[in-house]
Amino acid sequence: MKPLIVYFIIAYLVSWLVWLPLYGHIFRLHDLPVFAFNHALGGLGPLLAAFITTLIFSGKQGLRLLLQRSIQVKPFIYFAIALLAPFFLALLASLIVFISDRAPLHLVALLTNKEFPEWSLLSFFLYNLVFFGFGEEVGWRGFALPRLQAKSHMLIATIILALLWALWHWPLFFYRPGYVTMGWAGILGWFFSLLTGAILLTWLYNVSRGSIFICAIFHSTIDIAFTADFATGKMVNYLGFLITVWGIATAFLLGSRNRFDKNS
């Protein structure tokens, strides 16, 4: 339990301090220096916390194992799911809108994003993979999840992690577009989406035999799918619905057993 407490304290402190120039106005801290990609740099907090805590409690051998799982690509089938499933669901969401509303298909929207419209898909993918894929997943799934699962059922461990993961995001509600305008209903919906993502990531982590790399890929492609420059908000809503259905189905699978078999 002590490694987990130390890990979460470090993860929160690093990210919240890096983000402080972006939300410091709520504490009347003005004119703090803002760095290039300040928000993205805060995404590295869980990764740094995992490295530091692992080195403290497990030494160089534990750090070596963490690094090995961070580059573990096999089983390839789960790598393919992590890489392609969000884009497939986005295409399916577009098709649903096309059939229901006779709206034109804007599939090229999957290749661009709202945050950095001038970037290519590859550039945005690498950006997400480094700062939010590895930046978060080395910590949340690589360090915290296996320790939580060692003490409780997979589904319970996932819910606990989702709550702590959600807490990590709290500064974003004071500066990040899309978060600032959320009401309580929006926050509840956001948390449910986060929980759904956590369930899917727990499943991927277990069936891939602890591959942090595969979790990082999925985290990145999910972010890309949701920030794609879709023509209408309906596509995003349908995409969220499809991923929620997938997550609920996976939750039943998590709830039916305490561990996945290697061949699950």
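Taken together, the values in this text are just the output of simple stated rules run on the coordinates, not laboratory data. Fair warning: this is a prediction, and the values are worked out from it, not measured in the lab. All Cβ positions, glycine included, derive from the backbone under ideal geometry; neighbour counts span all protein chains shown.
Is region 1-105 rounded, prolate or oblate when judged by the Cα gyration tensor, a ≥ b ≥ c being the square roots of its eigenvalues, rounded requiring a/c under 1.5 and prolate requiring a/b larger than b/c? Verdict is oblate for region 1-105.
Pop the C-beta distance of LEU32 and ILE71 into the FRET formula with R0 = 41 Å and round what comes out to the nearest 0.05.
0.70
How many lysine pairs does the chain hold where the Cα atoms are under 23 Å apart and the two sit 8 or more places apart or on different chains? Pairs that pass both the separation and distance tests number 5. Ranking LEU126, TYR179, LEU66 by how far each Cα lies toward the positive end of the dipole of the chain (charges on Cβ) leaves LEU66 at the top. Each residue of the chain gets 140 Å³ once the volume of the Cα convex hull is shared out per residue.
Each Lys and Arg adds +1 at its Cβ and each Asp and Glu adds -1 at its Cβ; summed about the Cα centre, the chain shows a dipole of about 940 debye. Applying both filters, DSSP loop and at most 15 other Cβ atoms within 10 Å, to the trypsin sites (Lys or Arg not before Pro) of region 109-187 gives LYS114, LYS151. Only the Cβ atoms of Lys and Arg (+1) and of Asp and Glu (-1) were treated as charged; on that basis the dipole of region 1-133 about its Cα centre amounts to roughly 540 debye.
Counting every other Cβ atom within 10 Å of each residue's Cβ, ILE81, ILE71 order from fewest to most as ILE71, ILE81.
Taking a span of 20 Å or more along the helix axis (Cα atoms) and a mean Kyte-Doolittle hydropathy of at least 1.6 as the rule, the DSSP H helices of the chain that qualify are 2-23, 76-101, 154-168, 212-227. Most tightly packed first, judged by the mean number of other beta-carbon atoms within 10 Å of their residues, the peptides 3-13, 173-183 read 3-13, 173-183. When only Cα pairs below 8 angstrom with a gap of at least 6 residues are kept, the chain shows a relative contact order of 28 percent.
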